[in-house]
Amino acid sequence: MSEPVLVLLPGLGADVRLFDPQCADFPDLISTAWIDPERNETLAEYAARMAERIRSSFPSENWPLVLGGVSFGGMLAAQMAPLLKPDAVVLIGNALSPKEIATSLKWMAMAGRWMPAPVGQNAKFMGRTFIRRLGPMKREHRLFLESMIDAVPFSFLQWAGQAIFGWEGLSKVDGKLVRVHGELDRIIPFPRAGLVHKIMGAGHVPNVSHAEEVNRHLKAVVRNA
């Protein structure tokens, strides 16, 4: 049997570059750029449209698949699972319900809904403030994340904030589920339920700050899918 395709979706405020630390170990990794959300589109509706785009990247219709994502991307991956029917779902720093997300993020999303788009240094200041909330990381990792959040349209962040906190969440995920989570995640505190691999000393983006350890888990999931 062919080795499964590994498809990973980036987190909010990031793009496909988020998986640069995974590319050496997974040269055939598939990620995809965000599509523009439609007006008042729900997270589930957006996930369905993203699923169609991802499906077009498959080598063939029945190719084995490991589907996953980081944070917001993981929420979308979990929501896509019934549509793409992966052999395994791997969620990194992810919530399966808005209730698992830090309350402060909900207030930020509510305030951001009515906020005019910041420009220039104000936009960069907001992005850098958010990055510092993600948990401990090296300066090089922080700068890497800052380079991505600077490029994300504020309108996308506004929409995603509303979509996340308007999402019903999932009580279960179709397929084999593996969760990888930073011990010191300040955005989505370490979950108490399910099979979770704890990355000691890591914050919200362990695939960047602790890439080698996360890659080991990803290899195990792909190998056993």
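Values in this text are rule-based calculations from the coordinates and carry no lab data. No experiment lies behind these values; they were computed from the predicted model shown. Positions of Cβ are generated from backbone atoms using ideal geometry, with glycine treated the same way; all protein chains shown enter the neighbour counts.
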- [ ] Using the number of other C-beta atoms within 10 angstrom as an exposure proxy, rank SER171, SER155, SER31 with the fewest first.
- [x] SER171, SER155, SER31
Task: Computed magnitude of the charge dipole of the chain (debye, nearest 20; Cβ of K, R +1, Cβ of D, E -1) - done: 700
- [ ] May I ask you to list the GluC sites (Glu not before Pro) in segment 130-171 that are in a DSSP loop and have at most 14 other Cβ atoms within 10 Å of their Cβ?
- [x] GLU168
- [ ] Quote the charge dipole size of segment 145-225 about the Cα centre in Debye, to the nearest 20; the model charges only the Cβ of Lys and Arg (+1) and of Asp and Glu (-1).
- [x] 460
- [ ] Give a residue-ordered list of calculated ³J(HN,Hα) values for segment 211-225 (Karplus: 6.51 cos²θ - 1.76 cosθ + 1.60, θ = phi - 60°; whole Hz; x for Gly, Pro).
- [x] 4, 4, 5, 5, 4, 4, 5, 4, 4, 5, 5, 5, 5, 9, 5
Task: Contour minus Cα-Cα distance for LYS106 and ALA24 (0.36 nm per residue) - done: 26.0 nm
Task: Over 18 Å between alpha carbons, listed pairs LYS106/LYS138; LYS85/LYS176; LYS99/LYS198; LYS99/LYS176; LYS176/LYS219 - done: LYS106/LYS138; LYS99/LYS198; LYS99/LYS176
Open item on the list: Let me check I've understood the local charge: for ARG139, count other residues with C-beta under 14 angstrom from its C-beta, Lys and Arg +1, Asp and Glu -1. What total comes out?
Closed with: +2
Task: ³J(HN,Hα) computed for each position of segment 44-49 - Karplus, 6.51 cos²θ - 1.76 cosθ + 1.60, integer Hz, glycine/proline x - done: 5, 5, 5, 4, 5, 5
Open item on the list: Taking a virtual spin label 7 Å from the Cα of LYS198 along the C-beta vector, which residues in segment 167-183 bring their backbone nitrogen under 19 Å of it?
Closed with: 178-183
- [ ] Neighbouring Cβ atoms within 10 Å as the yardstick, rank PHE144, PHE72, PHE58 fewest first.
- [x] PHE58, PHE144, PHE72
Task: Mean Cβ neighbour count within 10 Å, used as a protection proxy, ranking 75-82, 183-190 highest first - done: 75-82, 183-190
Open item on the list: Output wanted: per-residue J couplings in Hz (rounded whole) for segment 141-148, from phi through Karplus 6.51 cos²θ - 1.76 cosθ + 1.60, θ = phi - 60°, x for Gly and Pro.
Closed with: 6, 4, 5, 4, 5, 4, 5, 7
TODO: Pull up all non-local amide H partners of ALA202: gap of 5 or more, or a different chain, and H-to-H distance under 5 Å with H placed in the peptide plane.
DONE: GLU183, LEU184
Task: Sorted peptide list for 19-29, 212-222, 84-94, criterion being average Cβ within 10 angstrom, highest first - done: 84-94, 212-222, 19-29
- [ ] Please arrange ARG142, ARG39 by counting, for each residue, the other beta carbons lying within 10 Å of its beta carbon, fewest first.
- [x] ARG39, ARG142
Open item on the list: Ranking request for peptides 45-51, 104-110: highest mean number of other beta-carbon atoms within 10 Å first, then the rest in descending order.
Closed with: 45-51, 104-110
